[in-house]
Amino acid sequence: MHVQTVTGPVSLDQLGRTLMHEHLFIAFPGAEFDPAAAFDRPAFVAEAVRRLRQLRTEHGVRTFVDPCPIELGRDAALMKEIAEKSEMNVVCTTGFYFEEMGLPVYWRARTVEEIAELYIREISHGIGSTGVKAGAIKAATGAPVITPLEHKFLEAACIAQRATGVPIITHTQDGQAGPDQQEAFAKGGVPAHRCLIGHCCGNADPAYHRRIVDGGSYIGFDRIGILRFQPDEVRADNLVRLVRSGHRAQIMMSQDRHCGWLGKFPRQLSTEEQARIDALRAEGKWPPPYTYLFTDFVPMLKERGLSDHEIDAILHDNPRRFFAGEQLPLVNES
Ligand SMILES: [Zn+2]
């Protein structure tokens, strides 16, 4: 049993502390045509390597999962170079984004089988001619409901999951439609514990979180630090609530951050947002660091009574069990 990283297979024991949803580089379709969108590849690689090394040496992170959708500038060769130089396990995914912000026209026209074939090829054979294999499947849906087109891509993800055995990591929009994703995966024959329902921390309602964990999936508190979507106090309260109700084994913590972005944002920023970003950039703090989870959020969890042991179990044991495909513990100790 091994996990496929961009530099080759590693054993489950080598995964160690894992961040399940981060990004290295993102480019929204079309950004490459913007003359103002410069990308200095060597400088980017150096900065990414510095940030991953810092995560490894200061916070013991050994594995970095980058579920970048295919059409959001996923660059397998770039990931491989950064993984090699930083000595970090980097796992990439196959799979497209959601309808409102992705799904290339060409692939919208393909059948479920044709999409699944692409996914399976990227997992079993490799991405393009890079030789880099995907270690998981990305699936994404919008809000408030899953569109018919998104359902087609979810179905393809299910076929690829069953054929290859790798897990599924999802994007939900604004912490909505997670239970609908679970339903689609169940219908497609994918066991709930092979799915990580992403971005659930964007929903403040504990009842929503209960539905996800009661459905038997992993639950993503994976936008920690993105305060535009949710204050971290709410995330910390809800995360601790799940631990105390016996669902520690299903929680995944991550930040959905990136360290390189091509061009501008895929929406207009307000003057205040732009000013805040410019100020952070001037201080060398933009994009914000991957270490935030450890420096700022973990202390919030400790204030709320979580122990080092409980935090480490979330960061270490849960990703290992997820990739291994092991059943969840029947009674989760808390
Ligand atoms: Zn993401």
> Inside region 165-177, can you point out the residues that are in a loop (DSSP other than H, G, I, E, B), open to solvent by less than 30 Å² (accessible area, probe 1.4 Å) and modelled with pLDDT of 95 or more?
Replying inline: VAL166, PRO167, THR172, ALA177
> Can you name the residue in region 78-112 that is open to solvent by 50 Å² or more (accessible area, probe 1.4 Å) and among the hydrophobic types (A, V, I, L, M, F, W, C) and is also nearest to HIS258 (Cα to Cα) among such residues?
Replying inline: MET101
> What number of residues within region 11-69 satisfy the criterion of being away from the ligand (no atom under 16 Å from the Cβ), among the acidic types (Asp, Glu) and either farther than 24 Å from PRO167 by Cα or not in a helix (DSSP H, G or I) (or both)?
Replying inline: 5
>> Within region 178-202, take every residue that is more than 20 Å from PHE323 (Cβ to Cβ) and away from the ligand (no atom under 16 Å from the Cβ) and give me the one that is surrounded by the most Cβ atoms within 10 Å (Cβ to Cβ).
In response: ALA184
> Using beta carbons and a limit of 6 Å, which pairs, at least six apart or on different chains, have the first residue in region 47-69 and of a type in the set (Phe, Trp, Tyr) and the second one surrounded by fewer than 23 Cβ atoms within 10 Å (Cβ to Cβ)?
Replying inline: none
> Do you know which residues across region 70-88 are part of a helix (DSSP H, G or I) and away from the ligand (no atom under 16 Å from the Cβ)?
Replying inline: ALA76, ALA77, LEU78, LYS80, GLU81, ILE82, ALA83, GLU84, LYS85, SER86
> For the subset of region 213-233 comprising residues that are closer than 18 Å to GLN173 by Cβ and surrounded by fewer than 20 Cβ atoms within 10 Å (Cβ to Cβ), which member is modelled with the highest pLDDT?
Replying inline: ILE226
> Which of (1) within 28 Å of VAL3 (Cα to Cα); (2) of a type outside the set (D, E, K, R); (3) out of contact with any Gly (no Cβ under 7 Å at 6 or more places or on another chain); (4) open to solvent by less than 30 Å² (accessible area, probe 1.4 Å) does HIS309 not meet, given it meets every other one?
Replying inline: (4)
> With region 226-334 as the region, which helices (runs of 4 or more DSSP H) entirely inside it contain at least 3 residues that are under 26 Å from LEU24 (Cβ atoms) and under 21 Å from the mean Cα position of the chain (by Cα)?
Replying inline: 232-244, 318-324
>> Exactly one condition in (1) touching a residue at least 24 places away in the same chain (Cβ under 8 Å); (2) closer than 26 Å to ARG51 by Cα; (3) aliphatic (A, V, I, L, M) is false for ALA279; which is it?
In response: (1)
>> Restricting to region 241-298, count the residues that are within 16 Å of the ligand (Cβ to nearest atom), open to solvent by less than 40 Å² (accessible area, probe 1.4 Å) and not polar (S, T, N, Q).
In response: 12
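The values are calculated or read from the model by the stated rules, or taken from the named source; none is laboratory data. Keep in mind the model is a prediction, meaning the values are calculated, not measured. Cβ: placed from backbone, ideal geometry, glycine included. Neighbour counts: every protein chain shown. Heavy atoms of the whole protein, side chains included, go into the accessibility calculation; ligands, DNA and RNA do not. Shrake-Rupley method; radii C 1.70, N 1.55, O 1.52, S 1.80 Å.
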